[in-house]
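Undergrad: Dumping the structure here so I can ask a few things about it.
The values are calculated or read from the model by the stated rules, or taken from the named source; none is laboratory data. Because the structure is a prediction, the values reported are computed rather than measured. Here the Cβ positions follow ideal geometry from the backbone for every residue, glycine too, while neighbour counts run over all protein chains shown. Ligands, DNA and RNA are excluded from the accessible area calculation, which covers all protein heavy atoms including side chains. Shrake-Rupley method; radii C 1.70, N 1.55, O 1.52, S 1.80 Å.
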2 protein chains.
Amino acid sequence: MVHKKATRARGRPRAYDPAAALTGARDAFWDQGYAATSLDVLSDATDMNRPSMYAAFGDKRSLYLQTLDRYIADGAAALKQTLSREHSLAEGLQRFYENAISLYLEQGGPRGCYLISTATTEAAQDPEVGKKLLGALRGLDQAIELRLSDAKAAGELDPSADPAALALMASAVLHTISVRARSGESRAALEAIADRAIELICGNFRS
Amino acid sequence: MVHKKATRARGRPRAYDPAAALTGARDAFWDQGYAATSLDVLSDATDMNRPSMYAAFGDKRSLYLQTLDRYIADGAAALKQTLSREHSLAEGLQRFYENAISLYLEQGGPRGCYLISTATTEAAQDPEVGKKLLGALRGLDQAIELRLSDAKAAGELDPSADPAALALMASAVLHTISVRARSGESRAALEAIADRAIELICGNFRS
DNA sequence: GTATTTTTATGCGAAATGGTACATAAAAAA
DNA sequence: TTTTTTATGTACCATTTCGCATAAAAATAC
């Protein structure tokens, strides 16, 4: 028999929620970028004092890398749901872009994708950031390509369509939406881009 | 008769080349991002001492904004040439992406587009950066759309094609190439993306 | 109650940051 | 030659930065 929470931890209980702290740190980085976000700001955003941050997440860079990991994992999980075959391809893509746009415009100000808006800048100097970013990009490509292959097999796509090429386009459209969102483009304009992309990808086979 | 350089400037001649200094500053920002680039680094990169930098370009932010302006202007000028109607649409796009990829991978390390790699991060906090970025994005869209409209009229494009929608796709592909380039993607992979995009845009009308 | 363990809280300190004063140098103008 | 103008170079300042040392606090274990 395995006890869940069998015995309470021994020392003083922590006053912060690790997951919430990571979210807070991520939001701070998201707003200001990695380099411009000071430890003071992070301390506020995580509701932790600095020594606790260090104990829990290591230094600033390590904390940032962990926020990247969680964003990537969360994104992958959400994508799996959004592009499941419960809905048609066009519907799935519609939800996919709609969710992305909502995420990119959340929190008042325009944010864009966390990776594209903050990690691209760091990627040139920090190979580990680059690796994570590249992995996430390829993961998205593959997930979409898989869904498109399925759609092609199911007759939801032109038989002559190239799922890999179309997947790259679908990814590209997400990236452009991120860049435009962060530059202050309106929600309507972003949605128009998504709609046109869906039309282009699904062609006459749109449901 | 107007004399060019009629009279020489009055005081001590400047020891730096303003255009070269701006290029150096831009490259420094390009490598490290705006926030992470210190005045010491900029002083080295511009071959100017700090007081001269202030006299010439104002503070750090002002210098950055000027590098953005020049990059945008240079890009627009280059685009005009690349997408001129001397060459077919497919050729023009080929050159367009090829030039971009070369620029994005120049200087050893991967850099990506200067705007997407550095200005997106700042755009969320600095509305002026956002405005410049958004303007540049829309300018690219319009330039490509114009070229596509011409191509359509000239029979280089499917009569049912939507130039505005295709222009957005072409822009999106440039943006994704920038993000991927900065994340360390290989030149071959980037070129493959460009090729697929050109195929998709030009369709069977490829020359 | 006392010891032990884990976290919090204050705040220090070396280094780096953005920005500037001030004296000097180099040219043209008087 | 002297004055004026512009640019340079050194050195500095106040602030902020990251990271950590140290002590108090809060829980369990004995």
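Undergrad: Using a 1.4 angstrom probe, figure out how much accessible area the range B:60-207 has per residue, in square angstrom, rounded to the nearest whole. Each step should come with its number before you reach the end.
TA: Numbers: 6090 Å² over 148 residues.
Per residue, the range B:60-207 has an accessible area of 41 Å².
Undergrad: What gaps in nm, shortest first, separate B:Leu39 from its twins in the other copies when you place the label 7 Å past Cα toward the beta carbon?
TA: When each copy's label point is compared with this one, the spacings are 2.4 nm.
Undergrad: What GluC sites (Glu not before Pro) does the range A:90-139 have in DSSP loop regions with at most 14 other beta carbons within 10 Å?
TA: Hits after loop and neighbour filter: A:Glu106.
Undergrad: Now for a different question. Given just the C-alpha atoms of the range A:51-155, how large is their convex hull per residue in cubic angstrom?
TA: 115 Å³
Undergrad: Say R0 is 56 Å: what FRET efficiency, to the nearest 0.05, do A:Glu199 and B:Ser52 get from their beta-carbon distance? Intermediate values should be presented prior to the final figure.
TA: On the way: r = 54 Å, r/R0 = 0.97.
Here the calculated transfer efficiency is 0.55.
Undergrad: Rounding to the nearest 20 debye, state how big the charge dipole of chain B is about its Cα centre with +1 on each Lys and Arg Cβ and -1 on each Asp and Glu Cβ. Each step should come with its number before you reach the end.
TA: Values: 25 positive and 26 negative charges, 198 e Å.
In total the dipole reaches around 960 debye.
Undergrad: Positive end of the dipole of chain B, charges at C-beta (+1 Lys, Arg; -1 Asp, Glu), about the Cα centre: which of B:Thr121, B:Met169, B:Gln66 has its Cα farthest in that direction?
TA: B:Gln66
Undergrad: With a 1.4 Å probe, how much accessible area is buried between chains A and B, both sides summed, in Å² to the nearest hundred?
TA: Heavy-atom accessible area buried at this interface is about 3400 Å².
Undergrad: What are the label-to-label distances in nm, one decimal and shortest first, from B:Asp74 to the same spot in the other copies, with labels 7 Å along Cα to Cβ?
TA: Distances between equivalent label points, in nm: 3.8.
Undergrad: Now a separate question. Please return the longest stretch of chain B lacking exposed loop sites, where trypsin sites (Lys or Arg not before Pro) count only if DSSP places them in a loop and at most 16 other Cβ atoms lie within 10 Å. Can you show the working numbers first?
TA: Numbers: sites that count: B:Lys4, B:Lys5, B:Arg8, B:Arg10, B:Arg14, B:Arg85, B:Arg206.
Longest gap between qualifying sites, sites excluded: B:86-205.
Undergrad: Which ³J(HN,Hα) values in Hz, rounded to whole numbers, follow from the phi angles of the range B:51-58 under the Karplus curve 6.51 cos²θ - 1.76 cosθ + 1.60, where θ = phi - 60° and Gly and Pro get x?
TA: x, 5, 4, 5, 5, 7, 10, x
Undergrad: Next question, about the same structure. Pop out the carbon and sulfur fraction of the accessible area of chain B as a percent, whole number, probe 1.4 Å. Spell out each step's value before the answer.
TA: Values: 5190 of 10220 Å².
Result for chain B: 51 percent of the exposed heavy-atom area is carbon or sulfur.
Undergrad: Please list log₁₀ I(q)/I(0) at q = 0.17, 0.26, 0.34 Å⁻¹ for the range B:135-179, using the Debye equation with identical point scatterers on the alpha-carbon positions.
TA: Computed log10 I(q)/I(0) values: -0.46, -0.87, -1.15.
Undergrad: Residue by residue, what Karplus-based ³J(HN,Hα) values in Hz, rounded to whole numbers, does the range B:179-192 have, using 6.51, -1.76 and 1.60 with θ = phi - 60° and x for Gly and Pro?
TA: 4, 5, 4, 5, 7, x, 5, 6, 4, 4, 5, 5, 5, 5
Undergrad: So how strong a dipole does the protein assembly as shown carry about its Cα centre when Lys and Arg Cβ are +1 and Asp and Glu Cβ are -1, to the nearest 20 debye? Mind dumping the intermediate values first?
TA: On the way: 50 positive and 52 negative charges, 257 e Å.
For the protein assembly as shown, the charge dipole is close to 1240 debye.
Undergrad: What is the Cα convex hull volume of the protein assembly as shown when expressed per residue in Å³? It would help to have the intermediate numbers written out before the result.
TA: Values: hull volume 73.3 nm³, N = 414.
It comes to 177 Å³ per residue, whole-number rounded.
Undergrad: Using only alpha carbon positions, build the gyration tensor of chain A, then give the equivalent ellipsoid semi-axes as the square roots of 5 times its eigenvalues, largest first, whole angstrom. List each step's numbers first, then the result.
TA: On the way: eigenvalues 263, 86, 45 Å².
For chain A, the semi-axes come out at 36, 21, 15 Å.
Undergrad: Okay, next question. Using θ = phi - 60° and the Karplus relation 6.51 cos²θ - 1.76 cosθ + 1.60, list the HN-Hα couplings for the range B:97-111 in order, rounded to whole Hz, with x at every Gly or Pro.
TA: 6, 4, 4, 4, 4, 4, 4, 6, 10, 4, 6, x, x, x, 10
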